[in-house]
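Throughout, read-outs are computed from the coordinates displayed, never taken from laboratory work. It should be emphasised that the depicted structure is a prediction, and the values quoted were computed from it without experimental measurement. Because the Cβ atoms are built from the backbone with ideal geometry, glycine has one as well, and the counts that use them run over all protein chains shown.
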Amino acid sequence: MDNTLNQAYSAEEFRRQGHELIELLANYLAEATTDKESVQVTPWQEPAQQLAYWQEDFTKPATNPLALFQDVMDKSIQVHRKRYVGHQTTPTLPITILSSALMATLNQGMGVYEMGMVGNTLEKIMTEYLAQKLGFDQEASGFVTSGGSLGNLTALLAARAAATDIWNAGYKDGQQLAVLVSEEAHYCIDRAARIMGLGSEGIIKVPVNEKFQLRTDLLEQYYQQAISQGKQVIAVIGCAGTTSTGSYDDLEAIADFSEKHQLWFHIDGAHGAPAAFSPKYRHLIKGIERADSVVVDYHKMMMTPSLSTALIFKRGSDAYKIFSQRAQYLWTEQDTEEWYNGGKRSFECTKAMSVLNVYTIFRTHGEEVFRENIEQLYGLGTTFASMIKANPAFELAYEPQCNIVCFRYKAEGDLSSLNKEIRRLVLEEGRFYVVQTILNGQSYLRVSLMNPLTSEQDLEELLQNIEEKAASLVASEI
Ligand SMILES: Cc1ncc(COP(=O)(O)O)c(C=O)c1O
C-alpha cells in the first residue's frame, strides 16, 4: 500500500489526534456557558471574505488537523453559546457528539439488514416508542430519515399512494391533485408538493388566525372550492409548531375534517411534537394520534445532531406502499414488509445510523431529559414574552405557545427597515444571534430558545443590546 494511505489509516495517529480533539471540544463546551464579555456567538464575515480565506487555506500544505478543526470552530457560528437564540438548531447534547463519532466509525449502510443490523433495529424500537408517546396504538410504526423536509415529502408520497396509483401509472391528462395546508407551513411542504408534480394549483394555502394557526373554520370552504375546480384533494396538513412563530394548529378540528372527507391527515411536528414528553405542554398536540403520519425532528427539540427525523405512520404498513420498487441486489423478497431492511421504506439507500444518537440519550439520560428540556425552553419563551411586554420599547407579535418568540423594536417610521437594520448590527457584532421573519408583511425579530442554559439575564442583555443598536441607528439618521 502507498505510504500516504498507510499513514492515513494509522490507528496510533487517530488515537493521538482523537485525544486532542476531545480536549478541544470539551474546552469549547466548558466555555460555551460562561458569561465572558469576549464570548462571540458568531464570528461574522461577509461570504466573499470567507471564501477568500478558505480558498487560500486550501492551497496550504497538509498540517495538523487539530489546527484545522480549531480554525473551523473559530470561524463558525457556535450553537452551544447561551446567547445563540436564532434558528431551531439545537446545542447538541455532549453524549451525542460521542455517539456521532461511533456512527462515523461504523459507517453502517442501513438500506439492507446486514449493513445496519443494530441501526434498523433501533429505528424500530425508537419510532414505535415515540409513536406510543404520541398516543398511537400498537399498529403504529415508522423509521428514521434525514431531515424534516425529506420526512414531509415521504409522508406526502404515502398520502398520494393511498389515494391514487400515480407511482406506477403516472399522471393522466388533466388530473390535478391538491393538498390543503396552512399558509404558515414550512416551505418544504410547498417544495414537496411541487416535486410530486402538484404545481402551484395543487398547493392550497389556508389562511391563519391572529395566532398564526390554520383557520380550521375555512377548511370546508377551501375544500369545496378545490372540488368544484375539479381537483382531487389527497391530504390536509397540520402544523405542530410552525417554523416562524411556533404556533400549534387545532389538530382535533383538522382530524374531524379529514375524517369527514376521508383525507390523509399529515402533521408536521418537526419542531413541536416532542411536547408529548411534557405533561405540562402535552395539551398542545391534542389529537396528534388521529393523524395518518407525523414527522418529528430528533435534531430540534430532542437535542441530537442534524439530521435525524422520525416519520411515524398510524398504520405501520402504509410505509411499505410508498416506494414499491425492485432492488434485487439488496432484497430477495421484494414485496414483503420487512422492518429490518431499511431501504424498503426510506427514500434513502445508504443512510446514516443517526438513530444511535437519540437512542444513546434515552439509555444514558432517560426520557426525563426531554421533559426538562421542553419545559425549560417553553417556559423561557413565556418569560421572554413577559419581558418584552413589560418593556415599552418593544412590541410582542403574539403570545408564544412554545420557545419561538417574535417581536420588534418600536419607533417612529418604517419599523420593518429599522428592525432589519437592528438585526444586521446584532449579527455583525456577534455577541448574540437572533434571526428575523416576516409576519403580516412586516419584518420582526425572531428568537428560538434552544439552549436550556440561556438565562433570563441573557435575555435582558439581549433586549438591552437591541435598544443600543436601535439608538445608534436613530442617532446616525439625525
Ligand atoms: C416545522 C418545520 N418543518 C420542517 C422543517 C424542515 O426540517 P429539516 O430542516 O430537518 O429538513 C423545519 C425546519 O426548520 C420546520 O421548522
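Summary of computed values
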{"read-out": "Region 190-237 and region 381-418: distance between their alpha carbon centers, rounded to Å", "value": "30 Å"}
{"read-out": "DSSP-loop GluC sites (Glu not before Pro) across region 123-174, with at most 13 other Cβ within 10 angstrom", "value": "GLU139"}
{"read-out": "Pair ASP2, SER416: separation of 7 Å Cα→Cβ label points (nm)", "value": "5.5 nm"}
{"read-out": "Aspartates and glutamates whose Cα lies under 12 Å from that of LYS36, excluding same-chain neighbours fewer than 8 positions away", "value": "ASP458"}
{"read-out": "Antiparallel %, DSSP beta bridges [both residues in region 223-334], to 5", "value": "45 percent"}
{"read-out": "Amide H contacts of TYR298 (H built 1.01 Å from N, under 5 Å, at least 5 apart or other chain)", "value": "SER308, THR309, ALA310"}
{"read-out": "For region 332-455, alpha-carbon Rg and Dmax in angstrom", "value": "21.2, 70"}
{"read-out": "Backbone HN-Hα couplings from phi across region 293-309 [Karplus 6.51/-1.76/1.60, Hz, Gly and Pro as x]", "value": "8, 9, 9, 9, 7, 5, 8, 9, 7, 10, 6, 9, x, 6, 9, 7, 10"}
{"read-out": "Dipole of the chain [Lys/Arg +1, Asp/Glu -1 at C-beta], most positive-end residue of SER76, SER472, THR89", "value": "THR89"}
{"read-out": "Contour excess over end-to-end distance, with Cα ends at ARG363 and ASN27 and 0.36 nm allotted per residue", "value": "118.4 nm"}
{"read-out": "Length-normalised contact order for region 102-365 - Cα pairs under 8 Å, 6+ apart - percent", "value": "29 percent"}
{"read-out": "Rounded, prolate or oblate (a/c below 1.5 giving rounded, otherwise prolate when a/b exceeds b/c) for the chain by Cα gyration tensor", "value": "oblate"}
{"read-out": "Full-stretch length increase - GLN464, GLN55 - with 0.36 nm per residue and alpha-carbon distance subtracted", "value": "143.4 nm"}
{"read-out": "Candidate lysines for bridging to LYS60, where Cα separation is under 25 Å - those fewer than 8 sequence places away on the same chain excluded", "value": "LYS75"}
{"read-out": "Residues of region 262-302 with amide N under 13 Å of a point placed 7 Å along Cα→Cβ from ASP137", "value": "290"}
{"read-out": "Estimated 222 nm signal from helices in the chain, with DSSP H stretches of n ≥ 4 weighted -39500 (n - 2.57), rounded to 500", "value": "-13500 deg cm²/dmol"}
{"read-out": "All aspartates and glutamates inside 18 Å of LYS211 as judged from Cα atoms, apart from same-chain residues fewer than 8 positions distant", "value": "GLU183, GLU184, ASP249, ASP250, GLU252, ASP268, GLU395, GLU399"}
{"read-out": "Simple label model, 7 Å out from Cα along Cβ direction - ARG15 to GLU220, nm", "value": "7.3 nm"}
{"read-out": "Cα shape, region 102-365, gyration tensor, a/c 1.5 rule", "value": "oblate"}
